[in-house]
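Throughout, read-outs are computed from the coordinates displayed, never taken from laboratory work. Since the model is a prediction, treat every value here as computed from it, not as a measurement. Every residue, glycine among them, receives a Cβ derived from its backbone with ideal geometry; neighbour counts consider all protein chains shown.
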Number of protein chains: 2
Amino acid sequence: MSVTYAQGFEAAGIPAGISVHQGKKDLALVVNRGPLHHAAGVFTSNRFCAAPVQWSRKVISDGSLQAVVINSGGANACTGEAGYRQSEQTASAAAAQLGAEPAEVAVASTGLIGELLPIDHVLQGVDHAFAQLADTPQAGEDASYAIMTTDTKPKTVTLDGSGYHIGGMVKGSGMIAPQLATMICVITTDAALSSEQADEALRQATGTSFDRIDVDGCMSTNDTVLLLVSGASGVEPDMEEFSALLSQACASLARQIVGDGEGSSHDINVTVKGATSEQAALSCARAIAGANLLKCAIAGNDPNWGRVVSSLGTVPQSVAPYDPNNVTVNINGVMVCDGGKPGQSRSLVTMEEREVDITVDLHEGNAQGTIWTDDLTHDYVQINSEYES
Amino acid sequence: MSVTYAQGFEAAGIPAGISVHQGKKDLALVVNRGPLHHAAGVFTSNRFCAAPVQWSRKVISDGSLQAVVINSGGANACTGEAGYRQSEQTASAAAAQLGAEPAEVAVASTGLIGELLPIDHVLQGVDHAFAQLADTPQAGEDASYAIMTTDTKPKTVTLDGSGYHIGGMVKGSGMIAPQLATMICVITTDAALSSEQADEALRQATGTSFDRIDVDGCMSTNDTVLLLVSGASGVEPDMEEFSALLSQACASLARQIVGDGEGSSHDINVTVKGATSEQAALSCARAIAGANLLKCAIAGNDPNWGRVVSSLGTVPQSVAPYDPNNVTVNINGVMVCDGGKPGQSRSLVTMEEREVDITVDLHEGNAQGTIWTDDLTHDYVQINSEYES
């Protein structure tokens, strides 16, 4: 379903011969049939941002887009001017089909860094995708398959507002990092929003979702989140409701990324509460969620709270004030560390479920924050010592 | 040899029944017979610092120590006041043997966080170690074995100055992090230094050695580096020579830690040059050295420069000014990335050797810095999903 759930959108996902995996769907197309063509985007803050990010950041600056072309099988990152021309050519091919300007088409790419795309395959793929365009659930699903790389399953979301709809798809499994996580995400809505409303809602939604997941601490060169607005429902939404729904959609997609984190066997929710500010809570939660030693322990079903506090202890006092002697650590509901000392026996903690909740209370204030991450397994090492990305 | 290489020092390493591994040497004793008893120490900056760190930081503040007791088999971290009393008791037992004050004895511990030590075994072990004390090479070697945990081999160094000697031992394999790396290190010298000279030389030496290694980004609660000064050579050294030698000793021990990093199959030297300042160079090198994806690629003998630049790209412009389009990346002498784009073919890079050199040139200034790290292997995950530390 995904991006075709909202009215006014068509999609396609086809095998274009870009990926090394023969026959894999590797080119997705999403077209906004209007009546509105408003759009907003959020991109990686990596200084080595890929050509498609440079292109899309430029063309979305006027708040308008009619289509997005996404390919897996190659990131088109660190490819210089030749790479940038490839992104421009891709957008131009789609624009020709639409009878629109190239600046009305965003592009996104994912795959190996440092190699140009097989551009002939991409351009033929764009034409082929236009021939397959449909507003059906199947078309949305095809698109969500075409953007996958090491993802083991497509990740989509659909939500209903008061008279309008939101649909979305995302890819992401490794190179998922603090700040904007590494992924490509397209969200569509038939609500009637201005570009400014779309931009504000998208920034707010990504700030509390994609910005709070961390699979491996590695920020990508290609992160892209796009919100496309068709207005086809004719409904001007209550912006509070719309923002809440968009945040819910982004949170769902973000959690699905963590749930499909490369090689992972546990989803880990790290909540830090009792902090003096949300920022302090998030800094502590990030330090804990990023600790390889803890992530290995969780992979071994070991509720090793020593690795929680030793990571927490690296956050400077100036960033997060607290007294180590007041800190408590709960793992799956068992208070294994009480006031900086051993609490209940760690043998009481059950770790059979995929979900692991780690809650740290700093007992210093009233703010809290959560970061979602994965454990670190043999399979993560396997995937990333073999896969070139 | 290690700590007994310099005159005036005796050592012992014995099995005291602290470790779960029956018969493993797990208690080390180093005694400074003088005539001087000067000392300096550098400790973890982790806010959850262990009881022995709290004790040793306090007693070394007057610049004087006669002995150090080190145990493996338990970190005595996050153990509250009871843990602090155990460190005090351990120091007192050694002080009684010496006829000195407890404040003349430092202690250090390594092992599982969050459990008290089997204190009876520790105290009996201290007495037993005093009975075994000797200034022989074997005694120094025994001590270097007794401090090992997941280390696969003892790590020692000996150096000759102009009429004086430096000896040292270190343990460390996992939980090795930016800033002061996680380890316990004792260095001895028979040069005649004041406490102030010892302190200054030690800070300078650790700043360019232990502070620049990173096995897994995890900072420990128990890091301790001690320099003990007997003055037994009677030689007041040229401080420039002494500092250089001490830095050389620390660098050797630091490199040995990386060489014995948990489960590692490659030592990785990340050098960033052409930076506007040493600090900028080190920030970039740390970002690259800490990237799990890159460390997995190296484990798979894949010279994946895309993962070098994507990590480099996370360092803010305000921290390290450079233009991505000017950056070059050399891996084992092959310039795989030239001006932010593909350079020579990555197939030219040979990765058979244990040592891997990654050199990034920012082409922005004249400063440089190196961080030493390991690759990320199946064995690291294996060790850390099973070992409780």
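Things worth noting here:
- Degrees, to the nearest 10: B:119-132 long Cα axis against longest axis of chain B: 80
- Per residue, the average separation of C-alpha pairs within less than 8 Å and at least 6 apart gives segment B:267-386 a relative contact order of 44 percent.
- 0 to 90° range, to nearest 10: angle between helix A:239-259 axis and chain A longest Cα axis: 70
- With 28 Å as the limit on Cα-Cα distance, the pairs of A:K171/B:K295; A:K273/B:K58; A:K295/B:K58; B:K58/B:K273; A:K295/B:K153; A:K341/B:K153 that go past it are A:K273/B:K58; A:K295/B:K58; B:K58/B:K273; A:K341/B:K153.
- GNM remark for chain A: springs join alpha carbons under 10 Å apart, and the peak mean-square fluctuation among A:H363, A:H165, A:H38 falls on A:H363.
- Each Lys and Arg adds +1 at its Cβ and each Asp and Glu adds -1 at its Cβ; summed about the Cα centre, the protein assembly as shown shows a dipole of about 100 debye.
- Distance from segment A:228-300 to segment A:316-389 (C-alpha centre basis), Å: 15
- In terms of other Cβ atoms within 10 Å, B:D135, B:D260, B:D267, B:D190 run from fewest to most in the order B:D135, B:D267, B:D260, B:D190.
- Kirkwood Rh (inverse of mean 1/r, distinct Cα pairs), segment A:267-386, angstrom: 14.2
- Legend: mean number of C-beta atoms from other chains within 10 angstrom of residue C-beta atoms, peptide A:26-36, equals 0.
- Degrees, to the nearest 10: B:278-289 long Cα axis against longest axis of chain B: 90
- In this Cβ point-charge picture (+1 for Lys and Arg, -1 for Asp and Glu), chain A has a dipole of about 580 debye about its Cα centre.
- The mean number of partner chain beta-carbon atoms within 10 angstrom of a residue's beta-carbon across peptide A:293-301 is 6.
- Cα-Cα pairs of chain B separated by more than 32 Å (percent): 35
- Dimensionless Rg/Rh of segment B:1-126 - Kirkwood Rh, Rg from C-alpha atoms: 0.95
- When exposed loop sites are taken as GluC sites (Glu not before Pro) in a DSSP loop with at most 13 other Cβ atoms within 10 Å, the longest stretch of chain A clear of them is A:1-351.
- Semi-axis lengths, largest first, of the ellipsoid equivalent to the protein assembly as shown are 54, 28, 20 Å, with √(5λ) applied to each eigenvalue of the Cα gyration tensor.
- Other residues lying with their Cβ under 15 Å from the Cβ of A:A139 contribute a combined charge of -2, Lys and Arg counting +1, Asp and Glu -1.
- Once both labels are positioned 7 Å from their Cα atoms along Cα-to-Cβ, the gap between B:D357 and A:Q204 label points is 5.5 nm.
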